[in-house]
1. Just wondering, is there one or more residues in region 24-37 that are touching a Phe, Trp or Tyr at 6+ places or on another chain (Cβ under 9 Å) and either at pLDDT 90 or above or farther than 29 Å from L97 by Cβ (or both)?
2. Scan region 12-45 for residues that are in contact (Cβ under 8 Å) with a residue 40 or more places away in the chain and in contact with a Lys or Arg (Cβ under 9 Å, 6 or more places away or on another chain) and report the count.
3. In this structure, does G65 turn out to be in contact with a Ser or Thr (Cβ under 8 Å, 6 or more places away or on another chain) and buried (at least 17 other Cβ atoms within 10 Å of the Cβ)?
4. Select from region 9-30 the residues that are charged (D, E, K, R) and surrounded by 12 or more Cβ atoms within 10 Å (Cβ to Cβ) and list them in ascending order.
5. Exactly one of these conditions fails for I33: (1) exposed (fewer than 14 other Cβ atoms within 10 Å of the Cβ); (2) assigned to a loop (DSSP other than H, G, I, E, B); (3) β-branched (V, I, T). Give me its number.
6. Just checking, how many residues over region 28-57 are hydroxyl-bearing (S, T, Y) and either more than 16 Å from V68 (Cα to Cα) or in the same structural domain as C92 (by TED's automatic domain parsing) (or both)?
Amino acid sequence: MAKGRFVLSFPPSLVGEPLTYTLVKNYNIITNIHRAKITPEEEGRLVVEMTGELEPAIRYLEEKGVKVEPIAREILVEEEICVHCGACVGVCFSRALSLNTETFEIKFDREKCTLCEFCLKACPVNAISSKF
């Protein structure tokens, strides 16, 4: 069973179609939507983690006109620079960054990260960066 994180971009004509439902129902894909911006009459964008037989599901999306881009970047936290102030934790809506209440150290869970990059701007010592 394959697992991957993708950005799905689709034209206004597909905004009203149940694309993720079709992935689940017809392709047995487990989906975890990390971020979504879907507005009628505009392009839709999803940051989604998919698990299952991905090739047929991705082929279906592309045939429908969805642009499927694997996420090729990641957030890096440099432990040597981090002062564990917690500023990044306050802006992390996905809770990928948390503060251990016993050690008062920042913990980063890459699997929860939605790549919003709010933490980059919040870090006063630039200990957090984005890598492509």
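The values are calculated or read from the model by the stated rules, or taken from the named source; none is laboratory data. Computed from a predicted structure; not experimentally measured. Please note: Cβ atoms are built from the backbone with ideal geometry, for glycine as well, and neighbour counts cover all protein chains shown.
1. yes
2. 5
3. no
4. Within region 9-30, just E17 meets the criteria.
5. Going through the list (1) exposed (fewer than 14 other Cβ atoms within 10 Å of the Cβ); (2) assigned to a loop (DSSP other than H, G, I, E, B); (3) β-branched (V, I, T), I33 breaks only (2).
6. 1
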